[in-house]
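Working notes for the structure below.
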Amino acid sequence: SAVISQKPSRDICQRGTSLTIQCQVDSQVTMMFWYRQQPGQSLTLIATANQGSEATYESGFVIDKFPISRPNLTFSTLTVSNMSPEDSSIYLCSVEDRGTGVGYTFGSGTRLTVV
Amino acid sequence: DAKTTQPPSMDCAEGRAANLPCNHSTISGNEYVYWYRQIHSQGPQYIIHGLKNNETNEMASLIITEDRKSSTLILPHATLRDTAVYYCIVKGGAGGFKTIFGAGTRLFVKA
């Protein structure tokens, strides 16, 4: 299955600042997905990122707060902008492993704490 | 919204089979049932998926009822390392490519 490298693994940030999370995949994939997992909660889909087009955001998430880049078929970034303590969560990227039939593969996540 | 209903938590004795139920009564004909698990502080891990036939792999078995409105994930010999949150997900068809997570079942395997 695909191998995903996600960076940073964790960070502590000051409120009002921004953090960019990187997701690198070892194979070319059409779609990449970004999720948020708030403390003690399930995963919530933020957006779907296709190469060469604007990301598609889920209800409750906007591009100004969570801008996404997808410059090629193996890489994507998610930026959490103007952070507040409510943004403290684990952020995960995911890709679909169609070739191997194992559904979706997830990165190990970025644990973000905003102080 | 998630299309599945799972019990919030379950216990299982180490070495015994863990049977995790999932209700997906609104599943459509071309939607698959996927199971993932998330061990604390890690990304979700794929376990198994199926359409209508029962499936088995090295990790688990998936039993889907004939009407496809529910399924059961079976871990045949649970170990302490199987303690995790297990998510049942319905995907495909008109819902396409998105994987939407419900609340999942927190499985505690006890010695």
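The table for this structure:
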quantity	calculated
Subset of segment B:61-108 [modelled with pLDDT of 95 or more, more than 10 Å from the chain's Cα centre (by Cα) and within 14 Å of another protein chain (Cβ to nearest Cβ)]	B:A84, B:R106
Enumeration of residues in segment A:64-94 that are under 21 Å from A:Q14 (Cα atoms) and either among the basic types (K, R) or over 11 Å from the mean Cα position of the chain (by Cα) (or both)	A:D64, A:K65, A:S81, A:N82, A:M83, A:S84, A:P85, A:E86, A:D87, A:S88, A:S89
Some residue of segment A:50-58 being within 26 Å of B:A84 (Cβ to Cβ) and among the hydroxyl-bearing types (S, T, Y)	no
Single match in A:S76, A:S27 (criterion: at pLDDT below 95, within 23 Å of B:Y34 (Cβ to Cβ) and more than 14 Å from every other protein chain (Cβ to nearest Cβ))	A:S27
Residues located in segment B:11-58, provided they are under 14 Å from the mean Cα position of the chain (by Cα), surrounded by 14 or more Cβ atoms within 10 Å (Cβ to Cβ), part of a loop (DSSP other than H, G, I, E, B) and within 11 Å of chain A (Cβ to nearest Cβ)	B:P44
Matching residues, segment A:37-46, being away from chain B (no Cβ under 11 Å) and crowded, with 20+ Cβ neighbours inside 10 Å	A:I46
Odd one out for A:R36 among (1) closer than 23 Å to B:K91 by Cα; (2) not in a strand (DSSP E or B)	(2)
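The values are calculated or read from the model by the stated rules, or taken from the named source; none is laboratory data. For clarity, every value in this text was computed on a predicted model and none was experimentally measured. Reconstructed Cβ throughout: ideal geometry from the backbone, glycine too, with neighbour counts over all protein chains shown.
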